[in-house]
Amino acid sequence: MAIKVLSVTSEAVPLVKTGGLADVAGALPKALAAFDVDMRVLLPAYRPIRAKINDAKPVWTDHNLFGGPASAFALVDTPFYLLDAPHLFDREGGPYSDSHGDYGDNAFRFAALSFAAALIAEAGFADGWVPDIMHGHDWQAGFAPTYIKARGRASTKSVMTIHNIAFQGWAPASELPHLMLPAERFSPDGLEYYGALSALKAGLIDADWITTVSPNYADELKTGQFGMGLEGVIRGRAHQMSGILNGVDYEIWSPEKGDGFTPYSRTKLAGKAKNRTALAAEFGIAEPEAPLAIVVSRLSDQKGMDLLIDALPAYFAAGGALCLLGSGDAGLERALGEIANRFPDRFGLRIGYDEGLAHRMFAGADTVLVPSRFEPGGLTQLYGLAFGTLPIVAATGGLADTVVHANIAALQNNVATGLSFARIDAEALQSVLLRSIALYRDKKTWQKMMKNAMGADFGWARAAASYAEIYRMLHKK
Ligand code: ADP
């Protein structure tokens with residue numbers, strides 16, 4: 001019999017996306033169906049997607065979820081269930097913030113999502129579907145395992161996935177009663193995190209199993225350098241934790257789709273050259289002789305954009321070019337703008353978020369740069385591989401798990417798929433960028449690397465098999 005899993009997330013493709021979590025949460029139900037897992041996805045009915053519930057009948061309701069009425073609506077022919085709680089989610093602005101910054105009540109809003117998940121674990125949906133497993137993603141679902149345990153009315157087991165430990169969902173201790181949390185659990189071996197509350201920590205303590213999005217990040221999380229204060233908790237649960245590498249949804253990310261660009265494939269690469277010319281034109285830069293690189297990224301300290309800013313002048317001087325699409329930190333946006341002004345022929349910059357443009361960039365570029373200081377899984381290097389757009393990555397987290405650096409051994413054995421650098425600083429990034437220019441001149445080797453990259457299979461099947469195995473193991477317990 002199919003195992004029933006309620007996935008609880010703050011974003012999922014194609015409904016709402018700010019980062020990789022949405023790609024993962026959106027792809028899992030489809031991938032898991034092949035392993036006899038019936039996954040349904042609960043996420044908030046934010047204003048831009050709220051119209052989707054018009055005329056629908058609720059499949060679950062609560063007259064007072066954290067201060068207002070709430071209902072869940074099934075979206076026809078999809079695995080998605082929208083949690084409509086207008087007092088929490090029907091707002092102008094994005095899922096987490098508006099033009100004034102983060103919403104002040106985020107801890108409360110997503111605790112409510114988690115509480116609804118716990119109630120659904122007990123009562124199920126109107127069609128009689130009751131989850132065997134609650135699978136929560138990141139801090140936004142962190143309190144769900146705690147609520148399930150504290151209420152003690154559901155036999156549902158829980159899994160927590162860490163997509164990024166940098167975001168932990170902190171709230172002042174004074175919120176404890178408002179968040180419906182058991183006061184007696186407020187201690188260092190429970191919900192307390194340095195005198196405050198942390199939704200992610202709660203999930204890591206109370207979930208029956210923990211996963212993160214690459215094997216390498218699972219190891220890194222046990223260290224002070226990467227654990228961000230939760231390394232002790234992680235070490236304590238290492239025997240109930242797995243690193244499962246994210247996958248690529250090739251129905252969305254494939255050069256053969258040609259959505260907005262000329263299609264090409266591993267055996268018919270010709271279209272890529274047209275996309276390259278079109279990409280340079282779209283960004284208003286001269287098409288370079290040297291590699292045309294791209295960055296598609298949130299602009300934050302994590303993503304190493306400051307290192308990139310320092311490394312770029314030497315790369316441009318050597319003939320390289322870059323098209324960058326991203327948004328985030330205002331200081332980084334400004335600093336990138338200054339570089340774009342200095343190198344108008346070499347550097348095309350788009351501040352913003354644009355899914356279609358991201359596809360055209362992967363289709364046209366030679367390399368994709370991911371110089372992250374830490375990177376739990378990373379998806380853009382995987383999209384780069386799929387498009388023969390060779391990843392140039394910092395050797396950390398999931399980046400180190402997925403890109404084969406073009407060292408001599410890898411080149412001799414014809415297995416190289418990109419370039420990586422181990423010491424994460426501007427100098428190392430600059431030298432690997434210059435190396436990419438030299439390597440690109442050797443057209444035969446470069447094309448071999450493109451073919452290796454495009455031949456690598458990072459589809460969801462492997463990850464889905466691992467998740468299914470964990471669900472079954474927990475369900476049997
Ligand atoms: P993170 O989740 O830390 O942001 P990932 O590499 O896991 O990083 O996932 C990022 C996802 O968001 C990818 O699908 C990437 O293409 C997309 N993305 C990031 N910034 C933008 C942007 N400005 N426009 C379009 N897509 C973007």
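Values in this text are rule-based calculations from the coordinates and carry no lab data. Computed from a predicted model, the values in this text were never measured in an experiment. When we count neighbours, we look across all protein chains shown, and the Cβ atoms used for this are built from the backbone with ideal geometry, even at glycine.
In the structure shown, do any of LYS303/LYS443; LYS52/LYS201; LYS257/LYS448 have a Cα-Cα gap over 24 Å, and if so which? Checking Cα-Cα distances, LYS303/LYS443; LYS52/LYS201 exceed 24 Å.
Here each label is just a point 7 Å from Cα along the line to Cβ, and for LYS257 and MET228 those points are 2.8 nm apart. Antiparallel beta bridges, as assigned by DSSP with both residues in the chain, represent about 25 percent of the total such bridges. Spin-label model, ASP301 to ALA126: label points 7 Å out along the Cα-to-beta-carbon direction sit 4.8 nm apart. The range 139-194 and the range 103-137 have their alpha-carbon centroids 13 Å apart.
Between helix 461-476 and the chain there is an angle of about 20 degrees, using the helix long axis and the longest principal axis of the Cα atoms. Starting from the Cα gyration tensor of the range 6-113, take the square roots of the eigenvalues, sort them a ≥ b ≥ c, and report rounded, prolate or oblate (rounded when a/c is under 1.5, otherwise prolate if a/b is larger than b/c, else oblate). Oblate, since a/c reaches 1.5 and b/c is not below a/b.
Using only the Cα atoms of the range 334-477, build the gyration tensor, take square roots of its eigenvalues as a ≥ b ≥ c, and label the shape rounded, prolate or oblate: rounded if a/c is under 1.5, else prolate if a/b is larger than b/c, else oblate. Verdict is prolate for the range 334-477.
In the chain, the longest principal axis of the Cα atoms and the axis of helix 270-282 are about 80 degrees apart. Note on the range 1-143: with charges restricted to the Cβ of Lys and Arg (+1) and Asp and Glu (-1), its dipole about the Cα centre is near 160 debye. For the chain, the longest principal axis of the alpha carbon atoms and the long axis of helix 426-441 meet at an angle near 50°.
Only the Cβ atoms of Lys and Arg (+1) and of Asp and Glu (-1) were treated as charged; on that basis the dipole of the chain about its Cα centre amounts to roughly 1100 debye. Does the chain classify as rounded, prolate or oblate by the C-alpha gyration tensor (a ≥ b ≥ c root eigenvalues; a/c under 1.5 gives rounded; else a/b over b/c gives prolate, otherwise oblate)? Cα axes put the chain in the prolate bin. Using only DSSP helix segments of four residues or longer, with each worth -39500 (n - 2.57), what per-residue ellipticity at 222 nm results for the chain after dividing by its residue count and rounding to 500? When only DSSP H runs of four or more count, the value is -11500 deg cm²/dmol.
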